[in-house]
Structure formats: C-alpha cells, structure tokens
Amino acid sequence: MGIQALTAAELAKKVMNQEPLFILDVRNEDEFQDWKVEGKNVEIINKPYFELLDGIDEILDRIPSDKEVLIVCAKEGSSQFVADMLAEADGGDYLYLQGGMKTWSEHIESVKAADLTDGGELYQFVRIGKGCLSYAVLSNGEAAIVDPVRFTDAFASFLEEKQAVLKYAVDTHLHADHISGGRELAERFDASYLLPEADAGGVTFSYEPLEDGKTLTVGSTEIDIQALYSPGHTIGSTSLVVDNQYLLTGDILFVDSIGRPDLAGKAEDWVGDLRETLYSRYANLDRNLIVLPAHFSKKEELDDSGRVMAKLDDLYARNHGLNIEDKDTFRRTVTENLPPQPNSYATIRQTNMGQAAPTEEEKTEMEIGPNRCAVS
Amino acid sequence: MESNKVLNAEGLACPMPVVKAKKEIDNLNAGDILEIHATDKGAASDIPAWTKSSGHELVQQDEENDILKFWIKKA
C-alpha cells in the first residue's frame, strides 16, 4: 500500500503494450487540453491539484478499483502530493509519473522497423510523448541517423550497443516543432551533417547539402539512401528512399494526415509544391514503398509493436490528404482552419539555424506540447 | 501595489506555492490583497488558474528578475 514512482520508460512500455491504465492528470485545464498522455487502453481524467486542496472526496469516487492508477503533473511534485493524499484516504496503491510530463516529452523508445539487404537494419525511434520519429539505418558497422531529436545521448548509447560508427546525420528539413539533434550528433561523432540547401538560408554553421538524387551509402554492402526532393512542408523538404523499400517522408506525408505548409509563414507560396509532391511526385513512386514519417499525432497510428509505418499504396487508398481531387479544396484544406502552430515554433526554427542558443531548461520549455506538424 | 500580506514562495517547487497561497488567503479577510512571490515557472499559469477556480480575483501579475509576482484579492 502506498505510492510508487513510475518512470517514463515504464509508462512508455504500458502504452505500447496497450495495458489498461487509469490516469488522473492534476495539471491545470489549459495544459491538459493542450497535450496529455494517450494510449489505446488509457482512461484519463483531469482535475487540477489546486482544486483538491480542500479534500479529495469528490475525486475518490471517480477512481476505478480494477486497474492501476497513475497520477501525472507537469514536473512531479503535485502528482506525488495528490498520490499521497489518495493513498492516505483509501489505503490504495497509487503511481506517480517520475519527472512528470517534462520527462514524458523527452522519452524515446527504439523499435526495429525492418531488416534490410545483407543484414542491414532499420530502427525507428519513437518519442512517444511528443510524437516525433527518428530513424537509424545500420549496415556493416556503419550508421546513418535521420531526423534525430536533440537527446543525442540516446543515439550515442544506441550506436555503442550496435557497435556502429555514425557516418551521416540527416535532417529531411528545417524542423519547427522540435530542436534537431542532427548537427550536435554529427559534431560529436565526426560525421557529416546533411540538410536541404533550400531550408538552410539562415544557418550559421557548415553542412553538406542534401540534394535531389544524392546517394548516401551506409556499410560496405551498399545499402543506399536516395534523396528525393519533395517540397511543401518547407521549401527544402527532401525525402529519403532507403534500400529501395522504405520512404522516409519527413513532415510531408504522415500515416493519418499530410504536412502543413505554413510554419515558415509561406503557406500560400508552398501549397503548390505540397500538392505537386503528394499528387505527382510521390504518386509516381513504387506504391509498395513503406512510408516512415517523422511524426505521428494520434495513438491509433502506432501498430501493435509500437511502430508507425504504412504502405504507400494503402495511404493513397485511405489518407484523406491524398484524396482531395479539387485543387482549390486542397489549397483551402492546407491553409485554412489549421490547428494552432507548435509552441515556440519561431524560436525553434532559429535554434535549428544556429541563430539562437537556448539553455537546456529553455529547450525543454520550448518543446513542451504536441508536435502539430500535420494539417489536422 | 499595496498588499495586506506578502508570501515569499521563492525557491519552492510545485505544488507548494499554491498550497501556501491557499493557507495564507484562508487567514485573510474578504477584499484583502495577498502578494505572492514565486520562482517556479509552473506558478505563472497555476496561480491564475487556482485564483479563478477558487473564486478570488487576480488583480495584477508581474515578472521582475525571474521572480513571478501576483496580487490576489480575496473573495
């Protein structure tokens, strides 16, 4: 009986294994509405901790006795405080989220997405709290990491575990929702950092341009990564075709939606590029390619193994964003009634260009909240 | 701005700034002003949200040298 800490890693396992869990989120209502823990078998309610100071009787009735109960807050203190009150009141067991939503936002799980030619492997890194996806291509002791988030230690441990040498760190575009770990990772392992030139207008550091048609080779068995210019989310957005089987779409095409063109303030200019990429360039690719996006926004996009992936052909059949025939309707869909822009997107872009150098604490604050890179 | 009581909650982490604020305001009379100083960033949104849900009035909110300041009028 009593209270116990649950780590972000343990919570991620529960969410990915679709275990039943009841969550009482004690942050204030705005924060809860903005962003919360989601999972297929997660039941979640919100009651701010400061409304429980006079007593917890009204919330006790709403807490089920047949499943685990987790209390969540922004950083940890309030969840521990409420869990203590609950345990004292009914003698039950209560979990609280260690490090709160701050830590949840930063947690990364790696899952194997595929086996590649000649023993190569493709891994997907799921930043489950924020909906960011990064990738590692491994072959014969060499690695390329695509769209890495800023927690480079996670990739460093992965490279060490796999005994692989990082050859390339690649960003498919200049990110606006999260701070890239690409440049730092490349510097740390003396690898090349690649970024599309058209997105790099304001960058203050050197990089290798990720150009259309460029081939990156990982490992001696030549698993190649083919760059494919696919503008629309940003003017430089470039997709990668890995081992002729996997299409890393960045923020252009997601499993359940399509990328939004407005995060650099140029929606009207870029909407035509987005249409061209989705309705012509991608449409003419091998439809057996497996799409691996840089984000997900709904828990339904995760498969039973906790991965986010889908066949290109299936997306042409069921993704609404790929099935808007009329050009004007498409233009309106991707430029009007968009969800709010990601928190701090302007400063995040500046940071990714090297124009701003926030502290670790500021980075955490900037990245709080959902990614919101999709149209809906 | 004038206040009847100043609560120094600097250096305290969530939930303590709100817990202490509630205790202080319970001891004040209706119409009195409680001034709160806090450094926990969460206070910036939690103090106003608590004020609203408890029926008090947030008269003013300020930030000075990383110290968050609030003036709350008891209902």
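The values are calculated or read from the model by the stated rules, or taken from the named source; none is laboratory data. Predicted, not measured: the structure shown is a model, and the values here were computed from it. Here the Cβ is made from the backbone with ideal geometry for all residues, glycine too, and neighbour counts use every protein chain on show.
Some observations on this one:
- Unmet criterion (only one of (1) at positive phi; (2) at pLDDT 95 or above) for A:Leu289: (1)
- Residues (surrounded by 11 or more Cβ atoms within 10 Å (Cβ to Cβ), over 14 Å from B:Met1 (Cα atoms) and out of contact with any Asp or Glu (no Cβ under 6 Å at 6 or more places or on another chain)) located in the range B:61-75: B:Ile67, B:Leu68, B:Ala75
- Every residue from the range A:176-195 that is at pLDDT 95 or above, within 26 Å of A:Asp262 (Cα to Cα), in contact with a Pro (Cβ under 9 Å, 6 or more places away or on another chain) and not in a strand (DSSP E or B): A:Ile179, A:Gly181, A:Gly182
- Number of the exception - A:Leu122 against (1) buried (at least 18 other Cβ atoms within 10 Å of the Cβ); (2) at pLDDT below 90: (2)
- Qualifying residue in the range A:268-290 (condition: in a loop (DSSP other than H, G, I, E, B), touching a Pro at 6+ places or on another chain (Cβ under 8 Å) and under 25 Å from A:Ser180 (Cβ atoms)): no
- Members of the range B:8-23 found to be over 19 Å from A:Glu76 (Cα atoms) and buried (at least 20 other Cβ atoms within 10 Å of the Cβ), listed by number: B:Ala21
- Of all the numbered requirements in (1) under 19 Å from A:Ser134 (Cα atoms); (2) not in a loop (DSSP other than H, G, I, E, B), A:Ala198 misses one, and that requirement is (1).
- Counting only strands (runs of 3 or more DSSP E) that sit wholly inside the range A:119-175, those with at least 1 residues that are within 21 Å of A:Asp256 (Cβ to Cβ) and either touching an Asp or Glu at 6+ places or on another chain (Cβ under 8 Å) or touching a residue at least 40 places away in the same chain (Cβ under 8 Å) (or both) are A:121-127, A:132-139, A:142-146.
- Applying the criterion of being more than 17 Å from the chain's Cα centre (by Cα) and surrounded by 20 or more Cβ atoms within 10 Å (Cβ to Cβ) to the residues of the range A:241-261, the residue that is farthest from A:Thr347 (Cα to Cα) is A:Asp243.
- Checked against the criterion of being surrounded by fewer than 22 Cβ atoms within 10 Å (Cβ to Cβ), in contact (Cβ under 8 Å) with a residue 24 or more places away in the chain and not assigned by TED's automatic domain parsing to the domain that holds A:Lys130, the candidates A:Ala74, A:Ala89, A:Ala83 yield just one match: A:Ala89.
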